[in-house]
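FYI, it's all coordinate maths here, none of it is from the lab. Please read all numbers here as calculations on a predicted model, not as lab measurements. Cβ sites come from the backbone with ideal geometry, for glycine too, and all protein chains shown count toward neighbours.
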Amino acid sequence: MNTNKRQEGFSLIELLIVVAIIGIIAAIAIPNLLASKRAANEGSAIASVRTITSAEATYQATSGAGSYGNLAALNGVNLVDSALASSTIAAPKSGYAFAATPDATTPKAQYLVTASTSVPPPSIAATGTRNFASDATGVITSGAASTTALADNTGTPIN
């Protein structure tokens with residue numbers, strides 16, 4: 001008669017220690033991952049504002065006959081892609097809604113490009129901590145994030 005019983009597997013204490021370690025690692029890693037995502041979204045927004053600013057200069061010199069255009073006009077002559085031209089708060093591109101608004105003069109001698117976050121901080125789902133704007137000067141500025149776009153280009157210039 002064999003009275004030796006083999007016990008295999010992990011004890012409850014060992015499993016709880018492993019779960020606690022995983023929880024600690026997640027608590028450290030998740031905020032860093034969210035910060036990285038916000039930084040990437042802001043970088044994408046800055047690049048998109050630069051693209052629109054360049055497209056505005058090209059449009060004014062070629063198709064616009066001296067006037068600047070909105071995103072639909074820039075998309076119509078293939079200066080910006082359709083994802084950028086159709087980005088809104090409801091359908092953002094990299095978490096940002098973009099707009100290009102020419103002024104009301106004839107010819108349209110000024111414009112304002114804005115990139116605004118779709119979810120303002122401090123929400124955990126926030127897509128960025130800054131909004132961006134640019135105008136005919138080509139300087140891109142930033143301001144505090146909200147779902148409202150910047151009204152002008154008088155924010156803090158970015159590098």
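Report the gain in length on full extension from Ser146 to Ile158: 0.36 nm times residue separation, minus Cα-Cα distance, nm rounded to one decimal.
Details: separation 12, 0.36 × 12 = 4.32 nm, distance 1.79 nm.
Residue separation times 0.36 nm, minus the Cα-Cα distance, leaves 2.5 nm.
Going by alpha carbons, how many degrees (0 to 90, nearest 10) lie between the helix axis of 12-61 and the longest principal axis of the chain?
10
How much length is gained on full extension from Ser36 to Ala91, taking 0.36 nm per residue of separation minus their Cα-Cα distance? Walk me through the numbers on the way to the answer.
Numbers: separation 55, 0.36 × 55 = 19.80 nm, distance 2.14 nm.
So the extension gain works out to 17.7 nm.
I need the calculated FRET efficiency for the pair Ala104 and Ala72, taking r as the beta carbon distance and R₀ as 22 Å, to the nearest 0.05. Walk me through the numbers before you get to the answer.
On the way: r = 17 Å, r/R0 = 0.76.
It comes to 0.85.
Please work out which option in [x] 9, 27, 37, 23, 3; [y] 10, 39, 32, 15, 3, 0; [z] 11, 32, 23, 11, 7, 6, 5, 3, 2, 1, 0 gives P(r) over Cα pairs in 10 Å bins from 0, in percent calculated from these coordinates, and answer with its label.
Computed from the coordinates, P(r) over Cα pairs in 10 Å bins from 0, in percent corresponds to [z].
Under 10 Å, Cα contacts only: if you run a Gaussian network model on the chain, which one of Val19, Val49, Val113 comes out with the highest mean-square fluctuation?
Evaluated over the chain, the most mobile residue of the options is Val19.
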